[in-house]
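The values are calculated or read from the model by the stated rules, or taken from the named source; none is laboratory data. For clarity, every value in this text was computed on a predicted model and none was experimentally measured. With ideal geometry, Cβ positions are generated from the backbone for all residues, glycine too; neighbour counts draw on all protein chains shown. Protein only, heavy atoms only, side chains kept; ligands, DNA and RNA dropped before computing areas. Shrake-Rupley method; radii C 1.70, N 1.55, O 1.52, S 1.80 Å.
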Amino acid sequence: MDAKEITLDKLDAKRFIEDEAREIGKAVGSGLAVNALSGGVDSSTVTLLGHMALGGRLKTYFIDNGIMRDGEPQKVAAIFGKLGVKVEVVDARKQFFDALKGITGPEEKREAITQTFYRDVFGRLVRESGAKHLLQGTILTDVDETVAGIKRQHNVFMQLGIDPEKAFGYRILEPLVRLRKPAVREVAKALGLPKEVYARPPFPGPALAARVIGEVTPERVEVVRKATAIVEEELAGSKAFQYMAILHGDRVTGMRGGRREFGLQVEVRCWDSSDARVASPTRLPFEKLEGLAGRITGEVPGVVSVTYNITKKPPSTIEAV
Ligand code: XMP
């Protein structure tokens with residue numbers, strides 16, 4: 001695989017689409033392929049490329065892992081339904097929460113999600129469907145950060161010397177692996193994806209688990225899910241690269257109704273960046289920050305403290321886990 005970058009200024013989106021669709025067709029031959037759609041720009045782009053190349057021989061799944069944002073499975077299935085792509089929602093919530101039980105280390109959490117996704121959930125789907133290939137939306141930044149040992153991105157194998165065929169029983173195709181985010185958005189646009197998809201802020205594969213420090217339980221995910229909905233609603237017009245809410249692992253003393261409450265802490269992050277390799281905190285107006293604090297402490301049960309991250313990447317990373 002040639003992982004040489006195709007930069008935005010060198011990208012001819014139409015030609016890229018034709019070339020990659022042809023490559024997918026060649027690799028899969030007369031067989032079947034599967035892919036997981038999360039609704040993010042990378043997996044959405046791969047889904048449409050794959051359908052161009054394979055039509056009905058590509059089966060697209062949305063894996064409901066229990067750590068997605070509010071209403072996401074239904075939203076994503078509806079968008080793709082309109083594009084004529086059938087998406088099967090697979091309820092794997094229990095499998096993921098069982099795998100995450102008792103785990104607090106960031107890399108261990110990422111590994112538990114990776115194994116549940118690729119070995120357990122997709123292993124079964126591939127066996128049942130008879131597919132030999134999995135199409136996925138790994139991009140160059142995912143590979144760089146994993147290979148550099150910064151973060152184990154959930155979707156990187158070959159570049160770490162892991163053969164997916166031996167480990168999971170299927171081959172992985174990565175048509176976007178030479179692109180970074182801005183180039184993927186161009187391809188998504190050229191494929192005819194709607195703006196709500198091609199302009200969507202990035203969202204990590206490990207989903208809200210990347211934003212829960214400490215153990216990932218259904219209850220703790222629910223806290224971060226509610227806070228995320230508020231942050232996304234409030235910052236939608238900010239033009240920032242990405243924004244998020246993070247649940248901290250430790251508690252702090254607060255007060256509510258004149259009584260002491262040893263409560264939860266949520267951290268808000270909002271990033272200016274072009275491709276996620278380096279990033280700076282957005283200089284949000286203080287009134288906006290106060291509004292966020294008011295809504296999160298008022299609407300998310302148990303939260304008594306809201307902070308705003310003012311660190312650049314590096315040394316921070318964009319996600320907390
Ligand atoms: P970090 O936190 O490493 O994030 O600064 C860089 C960009 O990548 C996204 N991200 C991921 N994307 N799988 C993905 O597909 C992952 O495991 C993953 N972890 C982080 C993150 O949201 C940011 O845009």
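The table below lists the values:
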{"quantity": "Accessible solvent surface per residue of the chain, calculated while the other protein chains remain in place, 1.4 angstrom probe, Å²", "calculated": "46 Å²"}
{"quantity": "For a label point 7 Å along the Cα-to-beta-carbon line of Ser238, residues of region 196-221 with backbone N under 13 Å", "calculated": "201-202"}
{"quantity": "Scattering profile of the chain at q = 0.10, 0.11, 0.12 Å⁻¹ [log10 I(q)/I(0), Debye over alpha-carbon scatterers]", "calculated": "-0.57, -0.69, -0.83"}
{"quantity": "Under-5 Å amide H pairs with Glu261, H placed in peptide plane, nonlocal only", "calculated": "Gly254, Met255, Arg256"}
{"quantity": "Mean separation of Cα contacts under 8 Å (6+ apart) over length of the chain, as relative contact order %", "calculated": "18 percent"}
{"quantity": "Cα-centre dipole for region 67-183 with unit charges at Cβ (Lys and Arg positive, Asp and Glu negative), debye to 20", "calculated": "260 debye"}
{"quantity": "Within the accessible area of region 189-317 (1.4 Å probe), percent carbon and sulfur", "calculated": "54 percent"}
{"quantity": "Helix-only [θ]222 nm of the chain, DSSP H runs n ≥ 4, -39500 (n - 2.57) each, per residue, nearest 500", "calculated": "-11500 deg cm²/dmol"}
{"quantity": "Stretch gain in nm, segment Lys75-Asp272, where the contour uses 0.36 nm per residue and the Cα spacing is subtracted", "calculated": "68.3 nm"}
{"quantity": "Shape call, region 198-265: gyration tensor on alpha carbons, a/c limit 1.5", "calculated": "oblate"}
{"quantity": "Farthest positive-ward along the chain dipole, Cα basis, beta-carbon charges - from His154, Val221, Val28", "calculated": "Val28"}
{"quantity": "For region 120-167 versus region 174-235, the gap between their alpha-carbon centres in whole angstrom", "calculated": "18 Å"}
{"quantity": "Listed residue (Leu193, Ala112, Leu140) projecting farthest to the positive dipole end of the chain, Cβ model", "calculated": "Leu193"}
{"quantity": "Largest to smallest principal axis extent of the C-alpha atoms in region 76-120, angstrom", "calculated": "40, 18, 16"}
{"quantity": "Electrostatic dipole magnitude of region 91-247 [Cβ: Lys, Arg +1; Asp, Glu -1; Cα centre; debye, to 20]", "calculated": "300 debye"}
{"quantity": "Accessible carbon and sulfur surface of region 1-76 relative to its total accessible area, %, 1.4 Å", "calculated": "51 percent"}
{"quantity": "Once the Cα gyration tensor of region 241-321 is diagonalised, semi-axes √(5λ) in Å", "calculated": "26, 14, 9"}
{"quantity": "Anchor Lys10: aspartates and glutamates whose Cα lies under 13 Å away (excluding residues fewer than 8 positions away in-chain)", "calculated": "Glu186"}
{"quantity": "Additional length obtainable on full extension of the chain from Lys26 to Arg283, 0.36 nm per residue less Cα span", "calculated": "87.7 nm"}
{"quantity": "Quarter of Cα convex hull surface for region 94-177, i.e. mean projection, nm²", "calculated": "5.7 nm²"}
{"quantity": "Loop sites in region 1-68: trypsin sites (Lys or Arg not before Pro), DSSP, at most 11 other Cβ within 10 Å", "calculated": "Lys4"}
{"quantity": "Size descriptor, Kirkwood hydrodynamic radius, that averages inverse alpha-carbon separations across region 1-66, Å", "calculated": "13.1 Å"}
{"quantity": "Linear extension gain, Thr253 paired with Glu222, 0.36 nm per residue minus alpha-carbon span", "calculated": "9.0 nm"}
{"quantity": "Cut-off 18 Å (backbone N to label point 7 Å along Cα→Cβ of Asp98), residues of region 61-77", "calculated": "63-67"}
{"quantity": "Cα gyration tensor shape of region 143-262, rounded if a/c is under 1.5, else prolate or oblate by comparing a/b with b/c", "calculated": "oblate"}
{"quantity": "Cα principal axis extents for region 1-112, largest first, Å", "calculated": "47, 32, 28"}
{"quantity": "Simple Cβ-charge dipole of the chain, Lys/Arg +1 and Asp/Glu -1, about Cα centre, in debye nearest 20", "calculated": "220 debye"}
